[in-house]
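Everything below concerns the one structure shown next.
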Amino acid sequence: MKPLINPLFLHEIRLMLMSRLMHQKEVDFIRILKNTGFSSGNLSLQALKLKKAGYLDIRKRFKGNYPSTSFQITRQGKTALQAFFETIESLKKAEQSEADGVIDSYGIGDQGRKTQ
């Protein structure tokens with residue numbers, strides 16, 4: 001059975017990286033390091049896991065005489081991340097619906113008092 005929630009997105013670095021890429025065409029490796037405080041080794045490792053899954057493209061090139069690495073989300077990555085957020089939202093709604101049912105069964109009104 002396929003897991004309900006994609007476990008690749010349950011890691012802080014992977015989720016942050018993919019979320020940023022949903023709204024930006026390309027994200028620079030150094031910029032992410034400066035903005036997040038993650039270590040370069042940890043960011044590299046997590047990016048490779050996303051690349052292996054087909055969710056991320058890693059681009060290496062030179063800008064002047066300096067190497068530059070950047071990330072781009074793939075179409076498959078966008079689809080997977082959207083599905084992840086939709087699953088989270090549906091779980092949230094199901095939890096709220098269940099909680100509302102429990103509250104209703106106890107006859108608790110909007111102010112948290114028993115209804116007469």
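What GluC sites (Glu not before Pro) does region 11-106 have in DSSP loop regions with at most 13 other beta carbons within 10 Å? Each step should come with its number before you reach the end.
On the way: sites: 12, 26, 86, 89, 95, 98; in loops: 26.
Counting only loop positions with at most 13 other Cβ atoms within 10 Å, the GluC sites (Glu not before Pro) in region 11-106 are 26.
Of 25/63; 34/60; 49/78; 34/93; 51/93; 25/49, which pairs sit farther than 25 Å apart, going by alpha carbon to alpha carbon? Kindly include the intermediate steps, with their values, before the conclusion.
Values: 25/63 18 Å; 34/60 18 Å; 49/78 15 Å; 34/93 36 Å; 51/93 31 Å; 25/49 20 Å.
Result: 34/93; 51/93 exceed 25 Å.
R0 = 25 Å: FRET efficiency of residue 59 with residue 6, Cβ-based, nearest 0.05? Could you put the intermediate results ahead of the total?
On the way: r = 24 Å, r/R0 = 0.95.
Here the calculated transfer efficiency is 0.60.
Go through region 69-99 and name the chymotrypsin sites (Phe, Trp or Tyr not before Pro) that are in a DSSP coil and have 16 or fewer other Cβ atoms within 10 Å of their Cβ.
Listed in order of number, the matching sites amount to none.
Can you give me the distance in nm between label points at residue 25 and residue 97, each placed 7 Å from the Cα along the Cα-to-Cβ direction?
4.1 nm
Out of region 4-78, which trypsin sites (Lys or Arg not before Pro) are coil in DSSP terms and have no more than 13 other C-beta atoms within 10 Å?
Details: sites: 14, 20, 25, 31, 34, 49, 51, 52, 59, 60, 61, 63, 75, 78; in loops: 25.
Hits after loop and neighbour filter: 25.
Quick note: the coordinates plus some simple rules give every number you see, no bench work behind them. Just so you know, these numbers come straight off a predicted model, no measurement behind them. We place every Cβ from the backbone using ideal geometry, glycine too, and count neighbours over all the protein chains shown.
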